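Where a number appears in this text, it was derived from the coordinates with a stated rule and is not lab data. Note that the structure is predicted; figures quoted are calculated from it, not measured. Backbone-built Cβ (ideal geometry, glycine too); neighbour counts: all protein chains shown.
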Amino acid sequence: MKKIITVFAILGLSSNAYSQAVFDLSNNRVNDTLKLKHGKIVTLEVQNVNKFASEVEIDTKIVSYVSVPSASFATLFGIEKKANEDSISDATKAMSAIVANKIKKNEIDNLKQSLEDLVKDCIIYNQAVSNLSSLQKIYSILIHISKIETFNNENVMSDAMKDYKIDELLKKAEIEEDKFEQTYEKAYLSYVKTLQLALKTESVDSSRIKKEAETIRSNYTRLDKGLDTLNLKTYELRKKLLLSDSYIARSIGRVANGDEVEFKVKVNKKDYEPFIFETKGGLKLDYSVGPILSFGKNAQNLVPYFDKKTDSTVTLQSRIPENRLNLGIGSFLHITGRNGKNARMGMLVGIGTELKDLTTIETNLAIGPTIVLGKQTNLISLSAGVNFNRVNRLKTDEYKIGNVYKKDAQSLDNTVEKVFKPSLFFSVTYILPKRKSS
C-alpha cells in the first residue's frame with residue numbers, strides 16, 4: 001500500500017512540475033491561457049504538422065528582466081527514400097539461361113520428362129518473380145503521401161491510405177510472396193530431381209545443371225532477403241504514418257526560472273511570431289535609485305547652542321529645525337511576488353544619503369512596503385515606510401539641556417553624537433531593467 005501511495009505521490013509531483021504550451025499549426029493558434037508557474041518545466045507542442053514532410057525547429061528562451069544594483073548597494077529530433085530494391089533481373093536472367101539450356105534429348109531419354117517439368121516449373125517461377133511488384137508499389141505510395149504537408153494528422157493520413165487502397169495492395173503482395181515461395185521450392189526440387197537423373201546418365205554433363213541449380217538458389221536467397229527488408233520498411237512506415245505522435249513536434253523541456261518563456265517556431269524555414277508566456281509565482285528582485293523624502297522630528301539633526309548666563313558661564317540649549325522634511329537620494333532593493341498583472345506588491349530595503357545641512361551628508365537605512373507598477377520594462381515604484389536616520393543627538397550621559405557650564409571649558413561639537421532615529425519616508429523611483437535571455 002505504501003508503494004502505491006508513493007507512486008501516486010511521485011506522479012502528482014511530476015504533473016505539478018510540468019507545463020505544456022500547444023501551438024496548432026492547422027489554424028495558427030496557441031493556448032494563450034496557459035498559466036505558467038515560475039520554476040516549472042515547460043515545453044511547446046506543435047500539433048498537426050507532418051514531420052515526414054516538414055522540418056520543424058523550436059527555439060526556447062528563458063527571458064529575465066534584470067535591473068542592476070547601484071554601486072553603493074553592491075557592497076544565475078529519413079526514411080530511406082531509396083527502397084532496398086533488390087533487382088529481380090538476376091533471377092529472371094538465371095531462369096532465361098535455364099530455359100535456354102539445350103541438351104540433346106536423344107542422348108538422355110531417361111531425362112526427357114524431368115527436363116520438360118523443370119522448364120515448366122522454371123517458367124512459372126520466373127513469372128512469379130516478375131509479378132513481385134505490389135510491395136514496391138505500396139512503399140512508393142507511402143513515401144509519396146508521407147511528403148504531402150496537408151496530410152497533417154493520422155486521420156487524414158488514414159483516409160489517404162484508403163484512397164490509395166493500401167490494405168488491398170498489401171493483401172495482393174502477400175499472395176505474390178506466397179506464390180514466389182511455392183514456385184521456387186517446386187523449381188528447385190525439379191533441379192534436384194533432374195540432377196540426380198543426369199548423374200546416372202554417362203553421356204550427360206551434369207555440371208551445367210548443378211551450376212544452374214546453385215545459381216537459382218543464390219539468387220532466390222538474395223531476392224528473399226531484399227523482400228524481407230522491403231516488407232519491414234513498408235510496414236514500419238505504414239505504422240508510423242498512422243501514429244498521432246508523427247504529427248506532433250515538441251521542444252526540449254526548460255525550467256521556467258525567469259520572468260518569461262519565449263518560443264520561436266520555424267517550419268520549413270518559415271518563421272512564426274514568437275509565443276511569450278509570463279511566469280507566475282516566485283520572488284522578483286528589482287533595483288532602483290531615486291529621491292527619498294523623510295519627515296518628522298527624527299529626520300533632522302539636533303542643533304545645540306550656548307546661552308550666556310554670566311561672563312564666565314553659559315547655559316546649554318538646543319533646537320530642532322522647524323523644517324521637518326528632508327530630501328535625499330536612495331538606492332533600493334524591491335522584493336515582490338510575480339502574481340499581479342500590472343502591479344506587484346512586496347517589501348523594500350535600501351540605503352540613502354541625505355543633506356542634513358549645507359555641509360553634512362548622512363547615510364540612512366530604509367525599510368517598508370513597496371508597489372511596482374508596469375510590465376517588464378519601464379517600471380515605477382511607490383514606496384513608504386521607516387527610514388532610520390543617522391542624526392545628531394545630545395550626549396545625555398554627559399550633558400543636559402538647561403545646565404550651566406563654564407564658558408571656555410566646553411565645545412558644542414562635543415555635546416552631540418551620531419545615533420539612528422526612525423522617521424517616516426516616501427519615495428518614487430524608476431526601474432530600468434535589461435532584457436536577458438538564455
Compute the FRET efficiency between Arg435 and Lys239 as 1/(1 + (r/R0)^6), taking r as their Cβ-Cβ distance and R0 = 41 Å, and round to the nearest 0.05.
0.35
Give the aspartates and glutamates reachable from Lys375 as a straight Cα distance under 19 Å; neighbours fewer than 8 places away on the same chain don't count.
Asp32, Asp259, Glu260, Glu262, Glu278, Asp286
Note: Asp307 to Ser130 extended length (0.36 nm per residue) minus current alpha-carbon separation gives 50.9 nm
Which whole-number percent is the relative contact order of region 283-431 (Cα, under 8 Å, 6+ apart)?
30
Round to the nearest 0.05 the FRET efficiency obtained for Leu34 and Leu424 when R0 = 30 Å and r is the Cβ-Cβ distance.
0.10
Can you tell me the order of 116-128, 140-152 when each peptide is scored by its average per-residue count of other Cβ atoms within 10 angstrom, highest first?
116-128, 140-152
Treat each spin label as a single point 7 Å out from the Cα along the C-beta direction, and report the Lys406 to Ser206 distance in nm.
14.8
Need one number for region 324-436: average projected area of the convex hull over its C-alpha atoms, nm².
9.7
